[in-house]
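*Asks:* After the structure tokens below, expect a handful of questions from me.
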Amino acid sequence: MSPGSSRTWWMPTTSQKGIQQWAPSSWHEQRPGTWMGPSHRQTVSINKAINAQEVAVKEKHARTCILGTHHEKGAQTFWSVVNRLPLSGNAVLCWKFCHVFHKLLRDGHSNVLKDSMRYKNELSDMSRMWGHLSEGYGQLCSIYLKLLRTKMEFHSKNPRFPGNLQMSDRQLEEAGENDVNNFFQLTVEMFDYLECELNLFQTVFSSLDMSRSVSVTAAGQCRLAPLIQVILDCSHLYDYTVKLLFKLHSCLPADTLQGHRDRFLEQFRKLKDLFYRSSNLQYFKRLIQIPQLPENPPNFLRASALSEHISPVVVIPAEASSPDSEPITDLVEMDTASQSLFDNKFDDIFGSSFSSDPFNFNSQNGMNKDDKDRLIERLYGEIAALKEELENFKAESARGMVQLRGRTSELEAELAEQRHLKQQAQDESEFLRAELEELKKQREDTEKAQRSLTEIERRAQANEQRYSKLKEKYSELVQNHADLLRKNAEVTKQVTAARQAQGDVEREKKELEDSFQRVSEQAQRKSQEQAEVLDTLKRELAASRQEMQVLQGTLESSTQVGAEQSTRIAGLEQERDSLSQAAEQHREEMAALRAELQQLQDTLSHEQESSKMELETLQTQLKDKESRERALQQRLDEEQFALLQGTAREAERMVQDALSRLEDPAHISCTGSADCLLSRTLAASECVERLQDAHSKYLSNHGAVGSLLPCLALFAHLVSDTLLQGSATSHVAPMEPADRLLEMCKQCGSEAVSYLSTLQDPGTVEGADCSLVMTCLGQISAIGEELRPRGLDIKQEELGDLVDKEMAATAAAIETAAARIEEMLSKARAGDTGVKLEVNERILGSCTGLMQAIHILVLASKDLQREIVESGRGAASPKEFYAKNSRWTEGLISASKAVGWGATVLVDAADLVVQGKGTFEELMVCSREIAASTAQLVAASKVKADKDSANLCKLQQASRGVNQATASVVASTKAGKSQVEEKDSMDFSSMTLTQIKRQEMDSQVRVLELENQLQKERQKLGELRKKHYELAGVAEGWEEDAAD
């Protein structure tokens, strides 16, 4: 194009009345920057829509942004502009960004969601950042960003749902893919989605001062404007949630969906209240028509209630009636048309050349100038009046058109609502019709199945009966067929015989004819040759003729016999044909029966296949149910383990706190006693045992977590108390025990923390073991026992109970020892033979006698003790008597312990001797030790007894019996030893002189070594007895008595 050329463009201009209209313009008249591309216009609109002014986003800017996403098929331009905005520094700017982004997700191109997913983490970070502000737009921005993130996640998981959530019932059914699990999960996701919408709704209302008309202020409209999108989302989510819950209630039991119903009722109440409050605001009345929810929520337990459900419809009036919409351009066209009409009328009246040649008097029909001027003025007045009238007409027309457009918009909204209701009614009717058809089909299928099952059973019985009858008939037919075959064979034989007879007759006839011919020939020869004997020949001829007549008669009779036989053969053949026809008829009947039997078998196999298919369907449903039960059980196990994990974590925190207090300087001043420490340690040990039982039950059954949680809490409390009490006790204890006690407390705390840590990990919970904690508590208890004052080991009032307990324990120990000896004796008799069996029986028998004697001694001692207490206590109680004579009581207790201990040691030694692992000397020493212990018991009982007491005589007699039994044990042991040594005596007969000398030297060395060891052992025994006497004296208080 040359520089001087001109090109016409249509550009928007503004008339005098401010009405925008399109007017032609040349290339040179176009101003710079007048033309803007779509991307540039979108960028400008985004910057105008998202700004820091606290006013609502203008609809035209938001609409331009939406159109821009459809133009570029994505949101690249939007995010490139938004990333340059300081969203984290200005809350109003972030709020308006959320509003615009919400509109783009609803009405923008489908790729807006894909382009925005990469910024999901940035939106989450920004939501957490704004959540720290509790005033202003901070909390609003945080909740709105959470809602947008939830919306993005919902649509990414469910791509069938469009951004504006508008779907038909058929599309909603297809979204679940006819799987009840998908419908269940989709309902949960919709609950979460609707929960975020309601949270934003409530937060916006709570941030406004409802006592003032906030909806007419710019700041109030800025906060309320995004709720239009929220209302649109909530209406669809509520509708879909109701339909999905009815769908789930038709497939699952009501108890399974109790949580869904509770959550729906809560959201229903919130949504109904928010819709009611929103409908009363002036701001929403001119922009959106908010539906009202029913008074009562739907009853999902009644399937017919679905027909009563009405989907809420949100109606948005036409955008032309909004305050920020663009002006109407139809008035411009009317003004232009009216102006052109007026010009055409003027030209028709005055001519088209009037304005170009006003002084052409020849064309005025003889009028002069003054008349013409007056006419022109009059016409100008009429023109002015017409123009005024035209302007009034235009104004009235414009107002009427605006009213008509508003009314049209209202009617279109009502029409859209009616269409929606009609569509919804049609969808519901189709759904109900389909459901009715499905129910009818199911009912018909069920009835058919029942009828077919009954028919199958009836036909099966009939078939069985028919089969049995056919089997019988078939057997009869087979028998008849065999009979017919036999008859046919006989007839065939008879026919064959008849044919043979007829053949014989024919042969005879032929022979006769031949013989007749021969005779004739002979006669002729004889007549020719012997003429002379003519007379003789004549006689012969006459005889021959007679003979020939006889032969002819015979031939005739043979012919008659042949005819009769032929007739008989024909009859037999007819009978054979009839029998063949009967056999053929039987064969046809057999084939028909076989075909019917095959048809019955095919029908039965088909019915078996259908039954098998039904069984497979039931098995599939059972497997689905089992999978759902496993999923629910897995979820329950996870929740129970989470509860166990939380309890273990709190218990671990409690024990950690106790460990930290051990190092706290403020705790140094705390002191405690060893008795309190022992009581706490005992309680903790018992709790550990209960915890082990509860843990083992939990491992066998995860549902038993209820018994484990209280044990964990009590375990943490008692262990912490034990640690603190141990630390307090160490503050008053000597240095070495205190250090050991404190170190053991720290170790116990560390083991407890380690045990609680293993309970928090699913991989190590099965291997968790608190035996180390139990060991540490035992060591702490042992240290506490060392720190207890010795004078307080046994209280004075407990001596009586302790005497009875020790005497009972001694009797029990003796009974146990006797039982063990009997058991060893039975084992020896079963496994040993010869000399070994004889020695073991002798030793174990003497040990049994010793146990019986000791038992008699203990009983006599108890009787004497009871007599001493009754005679010496007077008016006092037995406990007071024992407390008063504490030294005697302690000696009695010591003697009883010695007797019980000696019996146990004797049994152990006897067991080793029988097994060949012990020595006879140990058994003799143990028996003598028992004798000494019984002598101590007799002496302790004899101190307080009356000399003339009968029980004392019994006790002395029992003591002598124990001494005799002890001597018997020693004697049997020595005899057994000598018997064994005689058996094991060495044979030196095969040894040489050198070998004997070598053995002699070895024996002398061994004798010297044994004598040396004997001397040392005697010295050691003396020292042990000396130390024993010293300790016994301290325990019995001999030093105190000597001092007194």
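The values are calculated or read from the model by the stated rules, or taken from the named source; none is laboratory data. Predicted, not measured: the structure shown is a model, and the values here were computed from it. Don't worry about glycine lacking a Cβ; one is built from the backbone with ideal geometry, like all the others, and counts go over all protein chains shown. Ligands, DNA and RNA are stripped out before the accessible areas are found, and what is left, the full protein with its side chains, is counted by its heavy atoms. Shrake-Rupley method; radii C 1.70, N 1.55, O 1.52, S 1.80 Å.
*Asks:* Taking 7 Å along the Cα-to-C-beta vector as the label spot, tell me the residue 160-residue 125 distance in nanometres, rounded to one decimal.
*Replies:* 3.7
*Asks:* Hey, with R₀ at 30 Å, roughly what FRET efficiency would residue 216 and residue 308 work out to, going by the Cβ-Cβ distance, to 0.05?
*Replies:* Given R0 = 30 Å and the Cβ-Cβ separation, E is 0.20.
*Asks:* Follow-up. Pull out a ≥ b ≥ c, the square roots of the eigenvalues of the alpha-carbon gyration tensor of region 406-516, then state rounded if a/c is under 1.5, prolate if not and a/b is larger than b/c, and oblate in the remaining case. Don't skip to the end; give the middle numbers.
*Replies:* Values: a/c = 24.84, a/b = 4.16, b/c = 5.97.
Note, shape of region 406-516 comes out oblate.
*Asks:* In addition: At 0.36 nm per residue, minus the direct Cα-Cα distance, what do residue 657 and residue 468 gain on full extension? Give it in nm, one decimal, please.
*Replies:* The span from residue 657 to residue 468 would gain 59.1 nm if fully extended.
*Asks:* Here is a further query. Give me the tail of P(r) for region 638-783 as a percent: Cα-Cα pairs with distance above 29 Å.
*Replies:* Taking all Cα-Cα pairs of region 638-783, the fraction more than 29 Å apart is 17 percent.
*Asks:* Given a cut-off of under 8 Å on Cα pairs at least six residues apart, what relative contact order in percent is computed for region 67-148? Walk me through the intermediate numbers first.
*Replies:* Values: 74 pairs, mean separation 27.4, N = 82.
Across region 67-148, relative contact order equals 33 percent.
*Asks:* Using 0.36 nm per residue, how much length does the chain from residue 993 to residue 769 gain when fully extended, once their Cα-Cα distance is taken away?
*Replies:* Values: separation 224, 0.36 × 224 = 80.64 nm, distance 6.81 nm.
Gain on stretching residue 993 to residue 769: 73.8 nm.
*Asks:* Right, another one. Name the long-range amide H neighbours of residue 50: under 5 Å, sequence gap of 5 or more, or other chain; modelled H, no Pro or chain starts.
*Replies:* Residues meeting the criterion, in which the H sits 1.01 Å from N, do not exist here.
*Asks:* So, one more: Ordering 1021, 618, 147 by accessible area with a probe of 1.4 Å, largest first, what comes out?
*Replies:* So, going from the largest accessible area down, we get 618, 1021, 147.
*Asks:* Please get the size of the charge dipole for region 32-155, origin at its Cα centre, with Cβ charges of +1 on Lys and Arg and -1 on Asp and Glu, quoted in debye to the nearest 20.
*Replies:* On the way: 17 positive and 9 negative charges, 52 e Å.
The dipole magnitude comes to about 240 debye.
*Asks:* Heavy-atom accessible area per residue, region 93-250, 1.4 Å probe: how many Å²?
*Replies:* For region 93-250, the solvent-accessible area averages 38 Å² per residue.
*Asks:* Hey, if you drop one equal point scatterer on each alpha-carbon of region 119-225 and run the Debye formula without solvent, what base-10 log of I(q)/I(0) do you get at q = 0.10, 0.11, 0.14 Å⁻¹?
*Replies:* Log10 of I(q)/I(0), two decimals: -0.40, -0.47, -0.69.
*Asks:* Quick one: Kirkwood hydrodynamic radius for region 432-483, alpha-carbon pairs, angstrom, one decimal?
*Replies:* Details: mean 1/r = 0.0711 Å⁻¹.
14.1 Å is the Kirkwood radius here.
*Asks:* Another question about this same structure. Would you grab the residues whose amide H sits under 5 Å from the one on residue 315? Only those 5+ places off in sequence or on another chain, please, with H modelled 1.01 Å from N.
*Replies:* Amide H neighbours of residue 315, under 5 Å, 5+ apart: 289.
*Asks:* Report ³J(HN,Hα) in whole Hz for each residue of region 164-172, in order, from the Karplus equation J = 6.51 cos²θ - 1.76 cosθ + 1.60 where θ = phi - 60°; Gly and Pro get x.
*Replies:* In residue order, the calculated couplings are 8, 6, 8, 9, 8, 5, 5, 5, 5 Hz.
*Asks:* Another question about this same structure. Give me the extension gain from residue 679 to residue 1021: residue separation times 0.36 nm, minus the current Cα-Cα distance, reported in nm with one decimal. Could you put the intermediate results ahead of the total?
*Replies:* On the way: separation 342, 0.36 × 342 = 123.12 nm, distance 4.01 nm.
Taking residue 679 through residue 1021 to full extension adds about 119.1 nm, to one decimal.
*Asks:* Continuing with the same structure: Pop a pseudo-label 7 angstrom from the Cα along the beta-carbon direction at both residue 44 and residue 251 and give the gap in nm to one decimal.
*Replies:* For the pair residue 44/residue 251, the computed spacing is 5.3 nm.
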